[in-house]
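The block underneath contains the structure these notes are about, expressed in structure tokens.
The numbers here are math on the coordinates, done by the rules we state, and not lab data. None of the values given here were measured: they were computed from a predicted structure.
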Amino acid sequence: MLRRSFKKNSSESNRFLVVGLGNPGKDYDGTRHNVGAAAVQALGIAHDSPLKKLREQALTNEILIDGERVILAFPQTFMNNSGQSVSALMRKNGVKNPENLIVVHDEMDIPTGGLRIKSGGGLAGHNGLKSITAHLKTQDYLRIRIGVGKPSNRNKGANYVLNRPNKVEQEELSIVIQETVDAIEAIISEGIDVAMARFNSRS
């Protein structure tokens, strides 16, 4: 596992791209697969900067966290083509270091409501991550994995993530979305190691 800490005020640490994965359109709002997008949208709202601007095939906006410029994005390319938008956003905004890319996504291997911060590593069969890795030609970006659990029948995984959770799960995901907002801010203001120690121990 990669274990790197950001050095504030260095040439490559003053610009971050935070991407929430999901599918565009009202049909997908509130589904398990869109929990990453929901978290990044919540971060934008918390900073009075909702994601409304359409740039590089993504809904975007910019905020400051502890003096660092942070571009928020929700790709509108559908999950399987997320990398197309992410790579364009990185080029457009001069984000050259993959460690300054934070991707927030759903994770079936984590129980509903769990959260894990990860630096680099495998893709766990996630199509959004596969697309991003293919376009960037590296896996060395940061991920925040939001647990959505898994169906009893593994063959129903695709339908499971495209469905909306029940009321109890919705409440659990609402809580972890707010925790994810805090985790993103911690990564940027305090570094990946501090954030991992704090948030990975919670669940």
### Query
Tilt of helix 35-46 relative to the longest C-alpha principal axis of the chain, in degrees (0 to 90, nearest 10)?
50 degrees
### Summary
Nearest 10, in degrees from 0 to 90: the angle of helix 127-136 to the longest Cα principal axis of the chain is 20 degrees
## Note on the structure
Between Phe16 and residues 5 or more places away or on another chain, the pairs with built amide H atoms under 5 Å apart involve Arg69, Val70, Ile71
### Summary
Taking Cα pairs closer than 8 Å and at least 6 residues apart, the relative contact order of the chain in percent is 26 percent
### Message
If you fit an axis through the alpha-carbon atoms of helix 82-93 and take the longest principal axis of the Cα set of the chain, what angle between them do you get, 0 to 90°, nearest 10?
### Response
20 degrees
### Surface/4 estimate of mean projected area, convex hull on alpha-carbon atoms of the stretch 15-114, nm²
6.6 nm²
#### Entry: q = 0.10 Å⁻¹, the chain: log10 I(q)/I(0) [Debye, one scatterer per Cα]
-0.36
